[in-house]
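As structure tokens, the structure follows; a few thoughts come after it.
The values are calculated or read from the model by the stated rules, or taken from the named source; none is laboratory data. What you see is a predicted model, and the numbers here were worked out from it, not measured in a lab. Neighbour counts are summed over all protein chains in view; Cβ atoms, including those assigned to glycine, are modelled from backbone coordinates with ideal geometry.
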Amino acid sequence: MPEVRIREVGPRDGLQAEAYIEVGARVALIADLIRSGVHTIEAVSFVSEKAVPAMAGAAAVLESLGPLPGVTIYALVPNVKGAARAAECGIDHFTVTVSASAAYNAKNVRMTIDESVAEVAAIRDLIGPSPYVDAVVSCAFGSPYEGDLAPADVHALGERLVSAGANASTYADTTGMATPRRIADLVAVTGPRIGLHLHETRGTAMVNAYAALELGVRDFDTSIGGLGGSPFAAGAGGNLSTEDFVHLLDDVGLSTGIDLEQLLTAAARLATVLGRPLPGKVANAGPRSRLAAG
């Protein structure tokens, strides 16, 4: 088993703020990621296509992918309606986002926090006991509307979501307000058996990830090329780059099961599809192994 577990969110979070990309190109990206050794992927979201047009065609993406033995495919669902659509497509791993910021939650999913917690319980009732639900607590390190949020309150929301039917909690730095100190403050109350979803808005995603590694966290969301960011948070930057993180982990001796060179090939193909360089650093500079070999 890999020592660090990566959930690749590029096909969903990475592309959600981009112009719409055809289903075939999205399926090709997922296939490239799987060839790289990425075996846990948030591939689609079942959200309003009017609100997030880049995510249109989720069912077609899943149908085109077909069965994928040994690969775990997640779908983001905002509510029971989305969960029902995902379940009809055979999804058995769900991510549900609930914000620790009441104002952000209202803008993102148009519900109060209490309503979102109740929605998680309703999703569990709908899908039954076996499917896996990961509750992603967004704005876990601060809100663009309320400012700093107490780690104990953020953790309490994560616990409420597990009580409502989620299997686990991932804490998301949606607006890039985390620092290593704030990572430590949260892990001090949650313990290290959590997931982290880190954004690059203020250039701290990698240092925050390394701080979390030092504290024993081993589950991370990353996005190929560093793409992504919430369309509902002004100025939100991209995600922690998958290839940048794998490059670091390889060098410090922590295994992921992901082949960096194959991953860089996937990133180059995605850059061609988007028609511009990706924000990730290693995709542009190349890995240090190439320099060492030269």
Would it be correct to say that GLY165 is crowded, with 17+ Cβ neighbours inside 10 Å and either of a type in the set (Asp, Glu) or more than 24 Å from SER255 (Cβ to Cβ) (or both)? yes
Residue satisfying all of: in the range 123-146; over 17 Å from THR170 (Cβ atoms) and aliphatic (A, V, I, L, M); surrounded by the fewest Cβ atoms within 10 Å (Cβ to Cβ) among these: LEU126
The condition of being over 25 Å from GLY203 (Cα atoms) and touching a residue at least 24 places away in the same chain (Cβ under 8 Å) holds, among ALA168, ALA140, only for ALA168
Show the residue pairs that are 6+ apart or on different chains and have beta-carbon atoms under 9 Å apart, the first residue being within the range 58-69 and touching a residue at least 12 places away in the same chain (Cβ under 8 Å), the second being in a loop (DSSP other than H, G, I, E, B) and surrounded by fewer than 16 Cβ atoms within 10 Å (Cβ to Cβ). ALA58/GLU49; LEU62/GLY90; LEU65/VAL71
Only residues in the range 247-268 that are part of a loop (DSSP other than H, G, I, E, B) count as the first member; pair them with residues that are of a type in the set (Ser, Thr, Tyr), Cβ under 7 angstrom, at least 6 apart or cross-chain, and list the lot. ILE258/SER36; ASP259/SER36
Exactly one of ALA84, ALA103, ALA60 is surrounded by fewer than 22 Cβ atoms within 10 Å (Cβ to Cβ), of a type in the set (Gly, Ala, Ser), more than 16 Å from the chain's Cα centre (by Cα) and modelled with pLDDT under 95, and that residue is ALA103
Pairs returned, first residue in the range 1-28 that is more than 17 Å from THR222 (Cα to Cα) and part of a helix (DSSP H, G or I), second residue that is modelled with pLDDT under 95 and of a type outside the set (A, V, I, L, M, F, W, C), beta-carbon separation under 8 angstrom, 6 or more apart or interchain, are none
Say whether the condition of being β-branched (Val, Ile, Thr), in contact with a helix residue (DSSP H, G or I) (Cβ under 9 Å, 6 or more places away or on another chain), closer than 20 Å to SER45 by Cα and modelled with pLDDT under 95 is met by at least one residue in the range 154-174. yes
Mind listing whichever residues of the range 184-210 are crowded, with 20+ Cβ neighbours inside 10 Å and among the small types (Gly, Ala, Ser)? GLY195, ALA205, ALA209
Give the number of residues within the range 269-294 that are over 19 Å from the mean Cα position of the chain (by Cα) and in a loop (DSSP other than H, G, I, E, B). 6
Hey, can you tell me all the residues within the range 210-233 that are without any contact (Cβ under 8 Å) to a residue 60 or more places away in the chain and in contact with a Phe, Trp or Tyr (Cβ under 6 Å, 6 or more places away or on another chain)? none
Need the failing condition index for SER116 against (1) of a type outside the set (D, E, K, R); (2) more than 22 Å from ASP219 (Cα to Cα); (3) crowded, with 23+ Cβ neighbours inside 10 Å; (4) out of contact with any strand residue (DSSP E or B) (no Cβ under 6 Å at 6 or more places or on another chain), just the number. (4)
Complete set of residues in the range 29-63 that are part of a loop (DSSP other than H, G, I, E, B) and among the hydroxyl-bearing types (Ser, Thr, Tyr): SER36, SER48
